[in-house]
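*Asks:* If you scroll down you'll find the structure; I have some questions about it.
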Amino acid sequence: MSVDMRKLSRVGSRPGFLDYLVRLWDYRQFIFYDARARVQTGTRKDRLGSAWLLLNPVFNGLTYYVIFGMLLNTSGGIENFIGYLIVGIFMFQFSSGAITEGARSIRNGKSVVQAFNFPRAALPLGANIRELLSSVPLVLGMLLLIVVLPPAEKISWHWVLIVPALLLQFIFNLGIGMILARIISIAHDVTHLLPFAIRAWMYGSAVFYSYERFVHEPTLLAIMKFNPLFNVIDIVRSCVLYDRVPAWESWATLAVVSLAALLVGFIFFWRGEETYGRD
């Protein structure tokens, strides 16, 4: 008796790209509810619980304020330096946390990858959704501090524009996280380099100094303005601190780079689907 081999598929084989997206969509409810549950239980062992989502960037902000604002005096010429620093620290923490968790998602979920058959992109996607949910109290706390700490800023309709900026930031974080997730699944040593790269990225994103000091260095200024995280921070500062619509150039750069990162990251990650968990 002959067997028709044409309808058989190899176990663990990589599906087509569109089929892969459909399979990932089928897991959407599990991904979201798992991410939400991990956010709720992530700080359960701490006495202050979820308050640490806000306290961590606050303490980071105080540290950078003392070092860069008071000791190194990088606050010169910056109106409302405290608010300027708060926005930079809080928005950067969202990206650094999301990219780090997304990059380590395959390695951290190695046992799950080896035990179950599911689209592996669910892991970095879930990690980024988890960080997005964690960013909600983060952003609310940031806005509260800006309203309370002198010189207190007034609430305006421009604050609504923070939402699309955060969504574009989420898209960028996901794309970069998926690229790094595949790289780290192959070369785990990259994990040790990641904190240094993120720290250097922070220094290049005008978190605690003004980009205007580079107006006489057009090349450096152009590189900085191409940095998507610089554009996110600049957009939020424009909305919250300066009560104005952000420049269209910032939106355009952020949108193009974020969508490109997601497209490249997703395809790059999908092409390595068969290799995850096999080392």
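*Asks:* Just name the residue that is modelled with the lowest pLDDT out of those in region 106-120 that are part of a helix (DSSP H, G or I), out of contact with any Leu (no Cβ under 9 Å at 6 or more places or on another chain) and among the polar types (S, T, N, Q).
*Replies:* It comes out as Q114.
*Asks:* Does F230 count as in contact with a Ser or Thr (Cβ under 6 Å, 6 or more places away or on another chain) and of a type in the set (F, W, Y)?
*Replies:* When the stated conditions are applied, F230 passes them.
*Asks:* Give the residue, chosen from E153, E212, that is acidic (D, E), part of a helix (DSSP H, G or I) and at pLDDT below 90.
*Replies:* Answer to the check: E212.
*Asks:* Here is a follow-up. Being surrounded by 17 or more Cβ atoms within 10 Å (Cβ to Cβ), among the aliphatic types (A, V, I, L, M) and modelled with pLDDT of 85 or more narrows it down to one residue among V207, V264, V257, V245; which is it?
*Replies:* V257
The rows are residues; the columns are (1) β-branched (V, I, T); (2) under 22 Å from the mean Cα position of the chain (by Cα); (3) in a loop (DSSP other than H, G, I, E, B).
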{"residue": "H216", "(1), (2), (3)": "no, no, yes"}
{"residue": "S238", "(1), (2), (3)": "no, yes, no"}
{"residue": "V257", "(1), (2), (3)": "yes, yes, no"}
{"residue": "A260", "(1), (2), (3)": "no, yes, no"}
{"residue": "F268", "(1), (2), (3)": "no, yes, no"}
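*Asks:* Then there is this: Test A206 against the stated conditions and say whether it is farther than 23 Å from L125 by Cα and either outside any loop (DSSP other than H, G, I, E, B) or out of contact with any Gly (no Cβ under 8 Å at 6 or more places or on another chain) (or both).
*Replies:* For A206, the condition - farther than 23 Å from L125 by Cα and either outside any loop (DSSP other than H, G, I, E, B) or out of contact with any Gly (no Cβ under 8 Å at 6 or more places or on another chain) (or both) - is not met.
*Asks:* Within region 235-275, which residues are on the phi < 0 side of the Ramachandran plot, of a type outside the set (K, R) and touching a Ser or Thr at 6+ places or on another chain (Cβ under 6 Å)?
*Replies:* I235, P246
*Asks:* Quick check, is R10 modelled with pLDDT under 65, over 27 Å from the mean Cα position of the chain (by Cα) and farther than 21 Å from R271 by Cα?
*Replies:* no
*Asks:* Filter region 89-105 for residues that are over 11 Å from the mean Cα position of the chain (by Cα) and at pLDDT below 90; which is farthest from Y33 (Cα to Cα)?
*Replies:* If we take residues in region 89-105 being over 11 Å from the mean Cα position of the chain (by Cα) and at pLDDT below 90, then I89 is farthest from Y33 (Cα to Cα).
*Asks:* Please specify each residue of region 101-123 satisfying the condition of being free of Cβ contacts under 8 Å to residues at least 40 places away in the same chain and surrounded by fewer than 19 Cβ atoms within 10 Å (Cβ to Cβ).
*Replies:* N108, S111, V112, A115, F116
*Asks:* Quick one: is V139 within 16 Å of the chain's Cα centre (by Cα), part of a helix (DSSP H, G or I), under 17 Å from G83 (Cβ atoms) and of a type in the set (A, V, I, L, M, F, W, C)?
*Replies:* So V139 passes the test.
*Asks:* Checking the structure you have, find out if any residue of region 159-169 is of a type outside the set (G, A, S), loosely packed, with under 13 Cβ neighbours inside 10 Å and more than 22 Å from L259 (Cα to Cα).
*Replies:* Looking for residues that are of a type outside the set (G, A, S), loosely packed, with under 13 Cβ neighbours inside 10 Å and more than 22 Å from L259 (Cα to Cα), one finds none in region 159-169, hence no.
*Asks:* Which residues, counting only those in region 218-233, are part of a helix (DSSP H, G or I) and closer than 24 Å to T63 by Cβ?
*Replies:* M224, L229, F230, V232, I233
*Asks:* When A222 is evaluated against the numbered criteria (1) closer than 18 Å to A127 by Cα; (2) aliphatic (A, V, I, L, M); (3) free of Cβ contacts under 8 Å to residues at least 40 places away in the same chain, which criterion, by number, is the only one it fails?
*Replies:* Of (1) closer than 18 Å to A127 by Cα; (2) aliphatic (A, V, I, L, M); (3) free of Cβ contacts under 8 Å to residues at least 40 places away in the same chain, only one is false for A222: (1).
The values are calculated or read from the model by the stated rules, or taken from the named source; none is laboratory data. Everything numeric in this text was worked out from a predicted model, so none of it was measured. Ideal geometry is used to build each Cβ from the backbone, glycine not excepted, and the neighbour counts take in all protein chains shown.
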